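Below is one structure, written out as structure tokens; comments come after it.
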Amino acid sequence: MKQPSALPRRIAYTIDAALALVVVVAVGGNLAAGVWTFVVAIPMWLAWATIAASGLAIALRRHLPLVAYGLGLVSLLPGFISGNALGPTALLAIGCALYTVALEYPRSRSLITMGLGLAVVVGFELFRLGPNTLASTALAGGGVAGSWALGWMTRQRRANLAQLAETQADQAVSDERLRIAREMHDVVAHSMSLIAVKAAVGNHVAREQPEEAQEALRVIELTSRETLVELRRMLGVLRSGDGTPEAALGPAPKLSDLRTLAERAGQAGVRVELTGELIDDLPEGVALSVYRITQEAVTNVVKHAGPSACRITITEEPGEVSVEIVDDGRGEGSPATVGGHGLIGMRERVAVYGGDFEAGPLPAGGFRVYARLPYAAKEMGTR
């Protein structure tokens, strides 16, 4: 697996070319000035070819790592024989190329490449036995092994970062799917519950009270149209994925829309009393969560409590808002006993803000849902 460069490609190539130029000019300048004395005399053309091969290996290490590594090994022989700065120059070229090989190639292949380099370096050092052979062998071999280790660690670090980014992307997708599932559940469950109740009423009184049946059909029509608008808005979000105008097919519900919610519940036979102040300047996410929690709780009242009264109380304190929904229903079912995802969804919405959530039957009958949602100071700053 080829690893991408941490630097932009053009910048990385420019740095390599500049380093190669510096090496060629510095070493070649000293060679031309006659500063060095060769331990073993070699032709000047071979010395210049060695410098050129080392510089070319550095410049090509990102383009052709194995070719660059081979050039470095070839330039090592005259560098070691001559006994001057040509040897360290060749080792520098080998280290740069081996780093890239370890970075871009699988471990088994790069280890074989490193082993070949170590064999060449150790063999050359042993060939010219002397008082400093052990030290120079350790230094040269350590440079080769260290270059490989540095490249391999960089490869592993980039692989770990890529895996982390993929995991975070998967988690973001999962969170978004959960959010959309909650929205779909809240919208569909609430609307279909009202439609089912009014359809049952209309079917029951169709013959004896046609006016009542007509009113039930009107409520069904209105609820269906509003539900379609909500579904189109969410589908627009799914299609665009980036908040483009297609996603803005309808505004997200606000706390002021709770009055309409109460009217719908009243049309389904549940008398809803809305108390407390409907705060208009809550953070958008908090307001939507309060609305959805209330919507789900009222839906449960319509489905399970039978004809009853329901009281919604909203309270705001500095940095938090709470909502309480209490009904006096005497229905056989309850949100806690009939199953479903409603209470789970409400609890998840509250957990996002680190708030408190309570839901359960009351001793005197009925059911109570309570949610407290704190919001951070940075959210208050966006109000």
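I need the full set of residues from region 290-315 which are modelled with pLDDT of 85 or more, assigned to a strand (DSSP E or B) and buried (at least 16 other Cβ atoms within 10 Å of the Cβ), in order please.
Correct list: 310, 311, 312, 314.
Limited to region 71-92, what total is found for residues that are assigned to a helix (DSSP H, G or I) and open to solvent by 30 Å² or more (accessible area, probe 1.4 Å)?
Taking region 71-92 and keeping what is assigned to a helix (DSSP H, G or I), we get 71-82, 86-92.
From what is left, the residues that are open to solvent by 30 Å² or more (accessible area, probe 1.4 Å) are 71, 74, 77, 81, 88, 91-92.
The qualifying residues number 7.
Within region 129-156, can you find the residues that are part of a loop (DSSP other than H, G, I, E, B) and at pLDDT 85 or above? Break it down into steps so the answer makes sense when it comes.
Going residue by residue through region 129-156, those that are part of a loop (DSSP other than H, G, I, E, B) are 129-132.
Within region 129-156, no residue meets the criteria.
Pick out the one residue from 35, 23, 40 that is among the β-branched types (Val, Ile, Thr), in contact with a Ser or Thr (Cβ under 9 Å, 6 or more places away or on another chain) and open to solvent by 50 Å² or more (accessible area, probe 1.4 Å). Outline the logic, then answer.
Details: 35 fails: in contact with a Ser or Thr (Cβ under 9 Å, 6 or more places away or on another chain); 23 fails: open to solvent by 50 Å² or more (accessible area, probe 1.4 Å).
Going through 35, 23, 40 in turn, the sole match is 40.
Please state which of the following conditions residue 45 fails to meet, knowing it meets all the rest: (1) in contact (Cβ under 8 Å) with a residue 24 or more places away in the chain; (2) more than 16 Å from residue 148 (Cα to Cα); (3) open to solvent by 70 Å² or more (accessible area, probe 1.4 Å).
Among (1) in contact (Cβ under 8 Å) with a residue 24 or more places away in the chain; (2) more than 16 Å from residue 148 (Cα to Cα); (3) open to solvent by 70 Å² or more (accessible area, probe 1.4 Å), the lone unmet condition for residue 45 is (1).
Would you confirm, using the coordinates I've provided, whether residue 164 is at pLDDT 75 or above and either open to solvent by 50 Å² or more (accessible area, probe 1.4 Å) or under 30 Å from residue 262 (Cβ atoms) (or both)?
On the way: at pLDDT 75 or above: yes; either open to solvent by 50 Å² or more (accessible area, probe 1.4 Å) or under 30 Å from residue 262 (Cβ atoms) (or both): yes.
Considered against the rule, which asks whether it is at pLDDT 75 or above and either open to solvent by 50 Å² or more (accessible area, probe 1.4 Å) or under 30 Å from residue 262 (Cβ atoms) (or both), residue 164 comes out as yes.
Looking at region 338-357, I want the residues that are open to solvent by 60 Å² or more (accessible area, probe 1.4 Å) and have a partner that is at pLDDT 80 or above and not in a helix (DSSP H, G or I) with Cβ atoms under 6 Å, at least 6 apart or on another chain. Which pairs are those?
From residues that are open to solvent by 60 Å² or more (accessible area, probe 1.4 Å), the pairs are 347/357; 356/372.
So for region 115-128 (the condition being closer than 25 Å to residue 23 by Cβ, buried (at least 20 other Cβ atoms within 10 Å of the Cβ) and at pLDDT 80 or above), does at least one residue qualify?
There is at least one residue in region 115-128 that is closer than 25 Å to residue 23 by Cβ, buried (at least 20 other Cβ atoms within 10 Å of the Cβ) and at pLDDT 80 or above.
Filter region 345-383 down to the residues that are at pLDDT below 80 and either among the acidic types (Asp, Glu) or part of a loop (DSSP other than H, G, I, E, B) (or both) and list them by number.
Those that are at pLDDT below 80 and either among the acidic types (Asp, Glu) or part of a loop (DSSP other than H, G, I, E, B) (or both): 376, 379, 381, 382, 383.
I'd like the full set of residues that are modelled with pLDDT of 80 or more and polar (S, T, N, Q), limited to region 1-25. Walk me through how you get there before you give the answer.
Quick first cut of region 1-25, residues modelled with pLDDT of 80 or more only: 10-25.
If the condition is that a residue be modelled with pLDDT of 80 or more and polar (S, T, N, Q), then 14 is the only one that fits.
Which of the residues belonging to region 52-66 are assigned to a helix (DSSP H, G or I) and under 38 Å from the mean Cα position of the chain (by Cα)?
Looking only at region 52-66, we keep the residues that are assigned to a helix (DSSP H, G or I), and these are 52-60, 65-66.
Correct list: 58, 59, 60, 65, 66.
Please determine, by comparing only the residues of region 319-344 that are over 22 Å from residue 308 (Cβ atoms) and among the small types (Gly, Ala, Ser), which one is modelled with the highest pLDDT. Break it down stepwise before answering.
If we filter region 319-344 for residues that are over 22 Å from residue 308 (Cβ atoms), which is where we start, we get 319-322, 341, 344.
If we keep only those that are among the small types (Gly, Ala, Ser) as well, we get 319, 322.
Details: 319: 84, 322: 90.
Among residues in region 319-344 that are over 22 Å from residue 308 (Cβ atoms) and among the small types (Gly, Ala, Ser), the one modelled with the highest pLDDT is 322.
The values are calculated or read from the model by the stated rules, or taken from the named source; none is laboratory data. Here the structure is a predicted model, which means the values were calculated and not measured. When we count neighbours, we look across all protein chains shown, and the Cβ atoms used for this are built from the backbone with ideal geometry, even at glycine. Surface areas here come from the heavy atoms of the whole protein model, side chains and all, with no ligands, DNA or RNA. Shrake-Rupley method; radii C 1.70, N 1.55, O 1.52, S 1.80 Å.
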